[in-house]
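Visitor: First the structure, then my questions, so here it is.
The values are calculated or read from the model by the stated rules, or taken from the named source; none is laboratory data. Keep in mind that this is a model prediction, so the values were computed, not measured. Counting neighbours? That spans all protein chains shown, and the Cβs are built from the backbone with ideal geometry, glycine included.
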Amino acid sequence: MTQKRNDEVIIKQLQSQFPKIGGNEARKIVQIVSRQISIKRGPYPSPEDYDYYHEIDPDLTSQMKKMVLKEQEHQHELDKIYLQKDFSLKRTGQVLAFLLCIIALVGGFWTVLQGFEVGGTIIAALGLGGIVAQFLKKS
């Protein structure tokens, strides 16, 4: 439905630009041009294009395949590096969070032993609460 509307708009533009062209001629032009336009998805060209490239240079298609494979290997390597760095950052964050929790618990316990029960409890609770909050937030 959208393609028909687009075709009609193009036909009207053709007729306004070239007044001597009739409606049927403009439709034929749009049909011919529409057939020539093709949308490709993925790294490889269509089989018809392969035949055309092979006529130009028989080695060209194998070079194109090698180029696509090399690009894919490169992308996989980049993805692997990204995942390794992401894992490393998460692991470092977990270790530092664990250390902060232990420091807060030890500091809170030490503060309680010094006679400041309320302050020590607050320090220990904040250290433990921060870690618990992070785990609950991820769920």
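Visitor: Go through GLU48, GLU73 for me and flag whichever is at pLDDT 85 or above, charged (D, E, K, R) and in a helix (DSSP H, G or I).
Guide: The match here is GLU73.
Visitor: Here is a follow-up. Could you check, for segment 58-66, whether at least one of its residues is surrounded by 11 or more Cβ atoms within 10 Å (Cβ to Cβ), modelled with pLDDT of 75 or more and among the hydroxyl-bearing types (Ser, Thr, Tyr)?
Guide: yes
Visitor: Check off (1) more than 27 Å from the chain's Cα centre (by Cα); (2) part of a helix (DSSP H, G or I) for PRO58 and give me the number that stays unchecked.
Guide: So PRO58 meets the others, but not (2).
Visitor: Hey, another quick one. Note down all Cβ pairs under 9 Å where the first residue falls in segment 80-99 and is closer than 15 Å to VAL132 by Cα, the second is part of a helix (DSSP H, G or I) and small (Gly, Ala, Ser), and they're at least six residues apart or on different chains.
Guide: ALA97/GLY130
Visitor: Here is a further query. Residue pairs, Cβ under 7 Å, 6 or more apart or interchain, first in segment 107-128 and assigned to a helix (DSSP H, G or I), second polar (S, T, N, Q). List them.
Guide: That search, which allows pairs on different chains as well, returns GLY108/THR121; VAL112/THR121; GLY119/THR111; GLY120/THR111; ILE123/THR111.
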